[in-house]
Amino acid sequence: MNWKQFKNLFKEKRASDSSFILGLDLGNATSAIAYFDMFTNSPEVIDISGGYGKPVAPTVMQYIPAAKEWVFGEYALLNRGVGNEITVMDLIQKLGSRNFIEIGGKAISIPNILGIFLKELISNCKSLNPKAEIAGIIVAVADFCTEDYLTELQLAFKIAGYEKELIEFVPERLCVFTEYFSHSAPKKSRALHLDFGGRGLRGGLYDITGSGECLILKNISFLDNADLSVNNVDAAVEELFGNIYSESNSEKKVGAASQIREQISNFAYQHKDVLFQKNILTKPLKLYFTFSHPPFQKSITKKDIDALIEPFVKKFKELLAEMFEKNLYDLTEKLNHEDVDTVICTGGGFEMLWARNVVSEVFPAAKIVNKKAKCTAALGASLIAAKRLGVIETANIKLEDRLKLKFDFGFLAKTDSKEKFIPLVERNSFWWQNIFSRRFLINEQTGENYTFEFLKRDENGEITKVRDFELEGLPKRPKAASFFDVSVVFEGYDNILLKVTDCGFGELFEKTNYAQEFRFSV
């Protein structure tokens, strides 16, 4: 089946409800799937929780050796610690790493495991129609993905049997804005997108112009912080429950028993949502620790929860302030919270009442959008898929991301008598991301000075020089015996700090304290 064939089919005749146009949001913690309903002309979320009452499912697979079979989603997560099952988590985070996991004595790649997950995920269409056929799939992905990441993700779809139905991978932000503007009248405005997910709080502030067929979104500020994450909130909840368990069992700590740790983790996962709902504001929440021997009851009060979330609330407000004080594209422009018209909240973190309250408190005059926070990207992806198939017409959204790099930055290294471009910073990454340093070998005798060329490469592969740097006072060493670590730090959207440090050369030459720094504008 090929999605382009379905495009022609839709032009000739509207397909029935047996043909599904899908949007997928594959999150590291949870995943969502939506389809475009051609009868209501709108996207709808497919409940993939398996009866657990949530529209999303954990991105988790578990292998059961006794039955030699895989289980998927919520059951896989809650079944941890019961037997000798092998639970595989963080599938999306592992993409592009070329990792293998040993299952039943065999090394299984991440794309293979994710392929099984995708097959289970997409098969949920069958719950709506047993004869369901897939017309096309759009997948929301992170705004910056390496080539290895995308290659392994595409391989996972091939393993799942949906390679031909896959239309393309679309940046998550574009999916979010497509869903929002599908039911909101476009106008000149300023919108803030916040994504509070498992791995951190990310976001961007945008100037929005245009109307009708084309909307232009210019990114003027950013937010990216891994300290404030749903995973860290979950860890705090687990610690709270672990301490309660230990006190009840007259133990100082939970102990080394992995089974107990897994059961506390499962208990926290099942009950964390109720800790952050309105009910706890008026009366204590009674929790029953049924996995303990003997079982016991514990009441959690609003005071307990306030103490738990206090550091997260403080960090949240600090990060929102930094967006206006430190992270603006043009620091000469003065912006305040009152200048924001709309705040679009996505990600599982906004299922917690305190997170929504922080946004409402900081932006009292703005329109706050947090409906279906976990599914927004999937809904938008299904709308983009429907547009690609010719079913609907929606406005074209153009992201002018001034925070995204347009060039690869790096240097030339000689390998096998040839010069090869070694990127330090990849094109399409954001200047504020953490950048890994690279090592390079000077393929000639060193001593005194050495000229280091810093280069940039455009999308066509054309390499031009940014500038030369004189490395002064280098350690004296023979040819091909000098290793140096080179790192790049963007101190602003056009200012680079380049660091060069000596790494020594094995046992022959010890590492010295040699280091040089260069600051310049690109």
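Bear in mind these aren't lab numbers, they're just calculated from the coordinates by the rules spelled out. In this text, all values refer to a predicted model and were calculated from it rather than measured experimentally. With ideal geometry, Cβ positions are generated from the backbone for all residues, glycine too; neighbour counts draw on all protein chains shown.
Straight-line cross-link partners of Lys158 among the aspartates and glutamates, defined as a Cα under 17 Å from its Cα and at least 8 positions apart when in the same chain: Glu120, Glu133, Glu147, Asp148, Glu168. Residues Val369, Val230 in ascending order of nearby Cβ atoms (within 10 Å, fewest first): Val369, Val230. Only one residue of Trp70, Met323, Ala481 has its Cα farthest out toward the positive end of the dipole of the chain, where Lys and Arg carry +1 and Asp and Glu -1 on Cβ, and that residue is Trp70. Straight-line cross-link partners of Lys314 among the aspartates and glutamates, defined as a Cα under 15 Å from its Cα and at least 8 positions apart when in the same chain: Asp227, Asp306, Glu322, Glu361.
How high is the FRET efficiency from Gln297 to Ala235, r the C-beta distance, R0 25 Å, rounded to 0.05? Between Gln297 and Ala235 the formula returns 0.55.
Could you give the angle, 0 to 90 degrees to the nearest 10, between helix 147-160's Cα long axis and the longest principal axis of the Cα atoms of the chain? Roughly 30 degrees, rounded to the nearest 10.
Taken along the Cα-to-beta-carbon direction at a fixed 7 Å, the label points for Lys367 and Asn279 span 3.3 nm.
For the residue pairs Lys456/Lys479; Lys404/Lys511; Lys404/Lys465, alpha carbon separations beyond 25 Å are given by Lys456/Lys479; Lys404/Lys511.
About the centre of its Cα atoms, segment 408-521 shows a dipole size close to 200 debye [charges on the beta carbon of Lys, Arg (+1) and Asp, Glu (-1) only; nearest 20 debye].
Placing +1 on the Cβ of every Lys and Arg and -1 on the Cβ of every Asp and Glu, with no other charges, gives the chain a dipole of roughly 980 debye about its Cα centre.
Helix 302-325 and the long axis of the chain differ in direction by around 40°, with both axes built from C-alpha atoms. Just so you know, the Cα atoms of segment 329-429 work out to an Rg and Dmax of 20.9, 63 Å. Residues Ile208, Ile110, Ile33 in ascending order of nearby Cβ atoms (within 10 Å, fewest first): Ile208, Ile110, Ile33. For the cross-link pairs Lys367/Lys398; Lys278/Lys371; Lys334/Lys406, the ones whose C-alpha atoms lie over 19 Å apart are Lys367/Lys398; Lys334/Lys406. Total lysine pairs in segment 38-139 at Cα distances under 22 Å, for residues eight or more apart or on different chains: 8. Look at Leu240, Leu77 and count the other Cβ atoms within 10 Å of each Cβ; fewest to most, that gives Leu240, Leu77. Comparing Cα centroids, segment 375-402 and segment 265-302 end up 40 angstrom apart. Can you give me the angle between helix 230-248 and the longest principal axis of the chain, using Cα atoms only, in degrees from 0 to 90, rounded to the nearest 10? So the inclination is approximately 60 degrees.
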